[in-house]
Amino acid sequence: MPNYRRPKPCPATVFFTVCLADRTSRLLVDEIDILREAVLVTRKRRPFHIDAWVVLPDHMHAVWTLPEDDPNYSDRWGAIKARFSKCVRLAGRAPDVPALGVDGGVNPALRKGQVGIWQERFWEHHIRDQADNGAHVRYCLTNPVKHGLVDDPEKWPFSSIHRDIREGRWAA
């Protein structure tokens, strides 16, 4: 197994992309309440600040700022993904994931006894400065337009843009 070396600046601000195994699924928006609960429980146990977050049908983007004394974002994502998977499964709404991947090999989502809902890993980018932060927050909030889901970021219901508008922090 690869040994990933990740930078550990404190406090860290990090941009993430997290995807479902089935990129044609709508599970994240169909089960948004379960996802929100998974995030809420995780944040109560291991706090972090959400700078931006957008949930699309099959993937999500987020920018988090982590506390100085606990910058471990991998454990937080693991907890969110595990709780979401468990609750979706218990509710009887877990998707059937084929045992074979698109290339005919074993579906990587089924390794290590996983439920098969999520891609095994996530993508992260450590924010370097204010300009980088602004670019990644904008990327999150405008991503539903990029994917053709809406023509205006404010029309997408599963986004922190609504919080930012209420707090006067969003200007298109």
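The table that follows gives values for the structure above.
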| quantity | calculated |
| --- | --- |
| Residues of type aspartates and glutamates that LYS86 reaches as a straight line, Cα spacing below 13 Å, ignoring anything fewer than 8 places off in the same chain | GLU31, GLU37 |
| Distance (nanometres) between label positions extended 7 Å along Cα→Cβ at LEU40 and ARG23 | 3.3 |
| Distance in nm between pseudo-label sites at ASP30 and GLU154 (7 Å out along the Cβ direction from Cα) | 3.1 |
| Those residues of region 55-86 whose amide nitrogen sits under 13 Å from the label point placed on ARG163, 7 Å along Cα→Cβ | 55, 62-66 |
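Laboratory data are not the source of any read-out in this text; all were calculated from the coordinates shown. It should be emphasised that the depicted structure is a prediction, and the values quoted were computed from it without experimental measurement. Positions of Cβ are generated from backbone atoms using ideal geometry, with glycine treated the same way; all protein chains shown enter the neighbour counts.
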